[in-house]
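Have a look at the structure below before the remarks.
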Amino acid sequence: MTDQVSMDEPSSPDGRGPESASTAAGPSEQTVAYRSRTERRMSRRAKRRRKVVTRFGLAAGSVVVVIAVVVALFVLLTGSESGGGGGAAPPTDEVQGSESGDVLLVLRQEDAEPLLVLLHPRNGGGAALAMPGLTLLKTTEGFRTLSEIYSSSGGKGLQTALAKALGVKVAHVASGEWSTFRTAMEDAGVGELPPPVLGSDESGCEQVARAVIAFAGTAVSEEGKRLWGDLRLQGDPGGFRKAVDELAPALSGDGWSAAALSGRLVEGSGFTYIEPDVEAAKVVLAGVVVQVEVVLQVQNGSGVLGVAQETSELLSTLGYTMMPVGNSKDFPNVQFTRIEVASDAAAQAAKVRFLLGTGMIDVDPGLEPGHIVVVLGKDFIPPQTTVPTTAG
């Protein structure tokens, strides 16, 4: 016997028939006739599933909206804290200077590496840091010397490189010929004029930095301003001259110091560069005075009789504590003179090299603080020619 269900449905409360009731209730409540109880149960189950899906969809949509709002708030908040625009955060080891920023002078000379002088003002004075063009710095394009950076990217490239390496903000960059600068310095009465040819030794670089301080200080007078105005500068001459005028009163005082960027000279087949002591440069720019007691020893590696003693007497004029001379461990086969130095005495090692006229400076972490060891090689020309021997 077939499980039949009556096709008749009860009338609506107002006494109308099924058709009029469905019309009044709307399409979603339309009366449906089922052929069996099974079909009716399946229909009701399907309706319940549709309701569950609908409720789940509404709930899920609300959750998605909440998540989107939270993400948007997070992006806005973190973006404002990092300076907006997703840029890199400022360096935490930034060297503090004046609000107007530093100025950079690039001294050019034909057939020679340029020399860069950074004027870094700070409260109560400042520092002039001379940096040879051979100084190697890390850039976004790899390692480049200051000379290469300037040739390829100009002042903007130097500003970026020095900000990354030293934490300084260079506001204005100008360049000029060293010969015209030196002539103007002479006309301004600057004492202790640097050599006519620019070099990379620290003693000579420091001398240039002192001369730049003295020359910039003359801008307090009308004659000094005239001499600065007559210089043919490139880059940002207007901003540079204005900054020098503002710094001149302080530069003419005693609050400024001059220094050279210390480092290790590296030479090879087809390349020469200076590996800078960046941390020492930051100390100089910050105005921290570090007193180093230098202990110096001269060792004979060349096999020339008496050369170590003669050289020790020469270097004693620097005022360092001199240790007894001796032979190096690889005596007498040292070909090239080297100057082994502790990291805190790199500036003093440059003075030693300047007096010797030769030698590669090599920072040795194993040396005691303040110690310098000069190992004389066969390339060193002693004050007096002597005969080879096996004694130091």
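Within the stretch 300-319, which residues are open to solvent by less than 40 Å² (accessible area, probe 1.4 Å) and in contact with a strand residue (DSSP E or B) (Cβ under 8 Å, 6 or more places away or on another chain)?
Taking the stretch 300-319 first, the residues open to solvent by less than 40 Å² (accessible area, probe 1.4 Å) are 300-304, 306-308, 311-312, 315.
Answer for the stretch 300-319, where residues must be open to solvent by less than 40 Å² (accessible area, probe 1.4 Å) and in contact with a strand residue (DSSP E or B) (Cβ under 8 Å, 6 or more places away or on another chain): 300, 301, 302, 303, 304, 307, 308, 311, 312, 315.
Conditions (1) open to solvent by 10 Å² or more (accessible area, probe 1.4 Å); (2) touching a residue at least 12 places away in the same chain (Cβ under 8 Å); (3) among the small types (Gly, Ala, Ser); (4) closer than 18 Å to residue 262 by Cα, marked per residue:
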site	(1), (2), (3), (4)
166	no, yes, no, yes
169	yes, yes, no, no
173	yes, yes, no, no
192	yes, yes, no, no
198	yes, yes, no, yes
201	yes, yes, no, yes
208	no, yes, no, yes
211	no, yes, yes, no
214	yes, yes, yes, no
State all residues of the stretch 178-190 that are touching a residue at least 12 places away in the same chain (Cβ under 8 Å), of a type outside the set (Lys, Arg) and assigned to a helix (DSSP H, G or I); if no residue qualifies, say none.
178, 179, 180, 181, 184, 185, 187
Just to be sure, is residue 231 in contact with a strand residue (DSSP E or B) (Cβ under 6 Å, 6 or more places away or on another chain), surrounded by fewer than 20 Cβ atoms within 10 Å (Cβ to Cβ), without any contact (Cβ under 8 Å) to a residue 60 or more places away in the chain and closer than 27 Å to residue 135 by Cα?
yes
Examine the stretch 255-267 for a residue that is under 20 Å from the mean Cα position of the chain (by Cα), within 30 Å of residue 136 (Cα to Cα) and surrounded by fewer than 17 Cβ atoms within 10 Å (Cβ to Cβ), and state whether such a residue exists.
no
Pull out all pairs, ordered by first then second residue, where Cβ-Cβ is under 6 Å, the residues are six or more apart or on different chains, the first lies in the stretch 126-152 and is among the hydroxyl-bearing types (Ser, Thr, Tyr), and the second is assigned to a strand (DSSP E or B).
135/274; 135/276; 145/136; 145/273; 147/113; 147/114
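Let's see how each residue does on (1) surrounded by 19 or more Cβ atoms within 10 Å (Cβ to Cβ); (2) assigned to a helix (DSSP H, G or I):
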position: 330; (1), (2): no, no
position: 333; (1), (2): no, no
position: 346; (1), (2): yes, yes
position: 350; (1), (2): yes, yes
position: 355; (1), (2): no, yes
position: 358; (1), (2): no, no
position: 362; (1), (2): no, no
position: 365; (1), (2): no, no
position: 369; (1), (2): no, no
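Here are 177, 202: which of them is modelled with pLDDT of 95 or more and not hydrophobic (A, V, I, L, M, F, W, C)? Outline the logic, then answer.
Numbers: 202 fails: modelled with pLDDT of 95 or more.
Answer to the selection: 177.
The values are calculated or read from the model by the stated rules, or taken from the named source; none is laboratory data. Owing to the predicted nature of the structure, the values given are computational and were not obtained by experimental measurement. Every residue, glycine as well, gets a Cβ built from its backbone with ideal geometry; the counts of neighbours run over all protein chains shown. Just so you know, the surface numbers come from the protein's heavy atoms only, side chains and all, with ligands and any DNA or RNA stripped out. Shrake-Rupley method; radii C 1.70, N 1.55, O 1.52, S 1.80 Å.
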